Structures are given as structure tokens and as C-alpha cells.
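The structure under discussion appears below in the form of C-alpha cells.
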Amino acid sequence: MENKMVFFVDDDKMILNLLEYTFKSRAGIEVRTFFSGEECLENMHLKPDLVVLDHLFPGDMDQLSGLDVIKKIREADKDVSIIILSSQQDENLIPEFLKVGANQYISKDDYFIDALIESIEAEVGP
């Protein structure tokens, strides 16, 4: 069976390391990590099966926001699954993300890894 490619996009190195550590050992999943939406977009030609995307990249005002990145991902690939992973607790943003093409929104709370494992397995299969 061919591995499913999952992109993790987050500006927090600790989060990326945690995600990579958690998922690279799982059978059937190939992990790629990126620090910015731009890096993710430059690699869309690799045809990921799933993109897990942080909402805010506060380091640089020139960087694309999660919403912008979703729109651009959708231009490149209409079918890829997108999960937003955000520490923002702004309930108003969730419908925005879903409207522009995200499949799911997960808050970075104490249990987000469990929720993410479930969601990723549901999206790309165990």
C-alpha cells in the first residue's frame, strides 16, 4: 500500500517536532514539515493527501495567514484534505476556515494530539 503524504505547517518548532515524532512512526504515513504557508505552497507539487495547517504565522507580517494559504492550496489542489490546527480560540474564525475549504478545525488544547491522531486516521486511513 502506498504511503499517504501529510504536510504539517506550523511556525512553532516544538509543535512541528512533536507532530513529526508522533506521526512518522505510524505505518502508511509520510511526514513533511514546513515553517510557513509559503514553504507548503512551494511543495504542493508533491501532491500531499492531507495538509495540517497552523492559523497564524506571527513572525512576519508579509507572511500569508492560514486563510490565505487555504485559498491558495485550493487553487493548486481541490481535493486535498485540510485540517486547521490553531491555538486561537476565536469561534468566529472556524466558519471562515470551513467556508474557504478547510475540512476540520482543531484547537491546540491539552488533548489536541489525540484529536489530531483521530482526524488524520479518519482522513488518510489507519
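Tabulated data for the structure shown
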| quantity | calculated |
| --- | --- |
| Test: residue 118 is more than 12 Å from the chain's Cα centre (by Cα) and assigned to a loop (DSSP other than H, G, I, E, B) | no |
| Single unsatisfied condition, residue 16 versus (1) closer than 22 Å to residue 115 by Cβ; (2) touching a residue at least 40 places away in the same chain (Cβ under 8 Å) | (2) |
| Residues satisfying the stated conditions in segment 108-126, i.e. crowded, with 16+ Cβ neighbours inside 10 Å, farther than 14 Å from residue 29 by Cα and at pLDDT below 90 | 108 |
| Candidates 117, 106, filtered to the one that is in contact (Cβ under 8 Å) with a residue 40 or more places away in the chain and touching a helix residue (DSSP H, G or I) at 6+ places or on another chain (Cβ under 9 Å) | 117 |
| Identity of the residue in segment 87-103, in contact (Cβ under 8 Å) with a residue 12 or more places away in the chain and of a type in the set (S, T, N, Q), that ends up nearest to residue 5 (Cα to Cα) | 103 |
| Which listed residue is crowded, with 17+ Cβ neighbours inside 10 Å and either more than 17 Å from residue 11 (Cα to Cα) or in contact with a strand residue (DSSP E or B) (Cβ under 6 Å, 6 or more places away or on another chain) (or both), from 53, 46, 41 | 53 |
| Scan of segment 18-36 for residues that are among the charged types (D, E, K, R) and touching a Phe, Trp or Tyr at 6+ places or on another chain (Cβ under 8 Å), ordered by number | 20, 32 |
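The values are calculated or read from the model by the stated rules, or taken from the named source; none is laboratory data. Worth saying up front: this structure is predicted, and the values here are computed from it rather than measured. Please note: Cβ atoms are built from the backbone with ideal geometry, for glycine as well, and neighbour counts cover all protein chains shown.
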